Amino acid sequence: MRWSGIVPHDNAYFPRKKLTVVGSGNVGATAAFLAAYKELGDVVLLDVMDGVPQGKALDMYEASPILGYDANVKGTQDYADTANSDLVIITAGIARKPGMSRDDLLATNVKIVADVTAKIVEHSPHSIIIVVTNPLDAMVYTAKKVSGFCRKRVMGMAGVLDSARMRSFIAEKLDVSISDVSALVLGGHGDGMVPLPRYSAVSGVPLPELLSEKEISDICERTAQGGAEIVQLLKTGSAFYAPAAAVIEMAEAILKDQNRILPCAAWLEGEYGINNYFMGVPCKLGGGGMEGVIELDLTESEKTAMYTSLSSVKELVNQVNTLGVLE
Ligand SMILES: NC(=O)c1ccc[n+]([C@@H]2O[C@H](COP(=O)([O-])OP(=O)(O)OC[C@H]3O[C@@H](n4cnc5c(N)ncnc54)[C@H](O)[C@@H]3O)[C@@H](O)[C@H]2O)c1
């Protein structure tokens, strides 16, 4: 038998999208697997550790005949393999252990994220970057400064995860399907994040009509401590299934030009009265990246919570700037 008419892959008229995940640890490897499974494009998984991204990538590729997805997954330590990625997810860095706050990671992770970003810009100058590494608000600031990319092309993942946690707790409390529950968490990705019960609902019915003030405040508190709850249980690292699912929801919205409205850490240019800081706000995510910020009308107490959260973000950014890594 002779095969004919087979076009080499790099001559394809409709090439697949290319997605790079930097960091092949818990979040990175899970995100790469989900991206391949959802056929978002060909996936490159990069890490400084020899063999780990290669082994995990091969393992993922070998799952494709069973799960039935068409995506190449390549593990590497070489940024040349990431060249011309459409989208890059940065998960490289250290994660929290019990007793650590996200902010304790700053000094180590700022150097890693600055280095990774510079290499990404060199090899994929037209890419869109989503940062996952913590402390998120400081790391996405680092990626923005080092890349020099416009705000459409650099954003952070936090709000999708925090809102998903809140949705899970609401669904559990009311014993209803998660599909019918929406929730919104804004602000920085720290203890001062801002869950918004007024903008959370079950099949359109606002949360304050379904639960008491105390029940809502317990859910908000558990949401803000959602990451710490998992760190306490795992003892050796932090959450990764939900974080990976969250960043892949953002990646899918961009790579498939879905025009989703999702809460993301976005660089604000006057929205919510905030200038030149990343904050978690509802954004439109589509083929152009972070295509716009949606400004909600907040009550006085919600605004106060946003500005309190902003002061923690500012504190983190000051720490980044005083380290001198970005000069
Ligand atoms: N934004 C969020 O909501 C959120 C949620 C969960 C985790 N996180 C953060 O994501 C990061 C990753 O978490 P994890 O659980 O996957 O950690 P992990 O320790 O399992 O993996 C981190 C990986 O990064 C790699 N790495 C370190 N330096 C690197 C470099 N210079 N280049 C490439 N790779 C490098 C490590 O070798 C390791 O494999 C942590 O900072 C964590 O706090 C953020």
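The values are calculated or read from the model by the stated rules, or taken from the named source; none is laboratory data. Just so it is clear, the model here is predicted, and its values are computed rather than measured. Reconstructed Cβ throughout: ideal geometry from the backbone, glycine too, with neighbour counts over all protein chains shown. These area figures cover heavy atoms from the full protein model, side chains too; ligands, DNA and RNA do not enter into them. Shrake-Rupley method; radii C 1.70, N 1.55, O 1.52, S 1.80 Å.
Before moving on, here are some points about what is shown:
- Close pairs from segment 113-124: first free of Cβ contacts under 8 Å to residues at least 24 places away in the same chain, partner open to solvent by 40 Å² or more (accessible area, probe 1.4 Å) and part of a helix (DSSP H, G or I), Cβ under 9 Å, at least 6 apart: D115/V146
- Residues within segment 254-267 that are under 12 Å from the mean Cα position of the chain (by Cα) and crowded, with 22+ Cβ neighbours inside 10 Å, tallied: 4
- Residue match in segment 218-235 (condition: over 20 Å from D137 (Cβ atoms), at pLDDT below 95 and outside any helix (DSSP H, G or I)): yes
- Complete set of residues in segment 23-56 that are of a type in the set (A, V, I, L, M, F, W, C), open to solvent by 40 Å² or more (accessible area, probe 1.4 Å) and more than 10 Å from the ligand (Cβ to nearest atom): F33, L34
- Residues of segment 57-101 that are basic (K, R) and either more than 15 Å from the ligand (Cβ to nearest atom) or open to solvent by 70 Å² or more (accessible area, probe 1.4 Å) (or both): K74, K97.
- Restricting segment 302-327 to residues that are assigned to a helix (DSSP H, G or I) and over 24 Å from Y272 (Cα atoms), the residue that is least open to solvent (accessible area, probe 1.4 Å): L323
- Every pair of residues 6+ apart whose Cβ atoms lie under 6 Å, when the first sits in segment 170-182 and is closer than 20 Å to S217 by Cβ while the second is exposed (fewer than 15 other Cβ atoms within 10 Å of the Cβ): A171/I178
- Residue within segment 58-67 that is under 18 Å from the mean Cα position of the chain (by Cα) and modelled with pLDDT of 95 or more present: no
- Checked against (1) among the β-branched types (V, I, T); (2) surrounded by fewer than 24 Cβ atoms within 10 Å (Cβ to Cβ); (3) touching a Leu at 6+ places or on another chain (Cβ under 8 Å), I112 meets all criteria but (3).
- The set of residues from segment 154-195 being out of contact with any Gly (no Cβ under 6 Å at 6 or more places or on another chain), assigned to a strand (DSSP E or B) and either hydrophobic (A, V, I, L, M, F, W, C) or within 16 Å of the ligand (Cβ to nearest atom) (or both) comprises V154, M155, G156, V181, P195.
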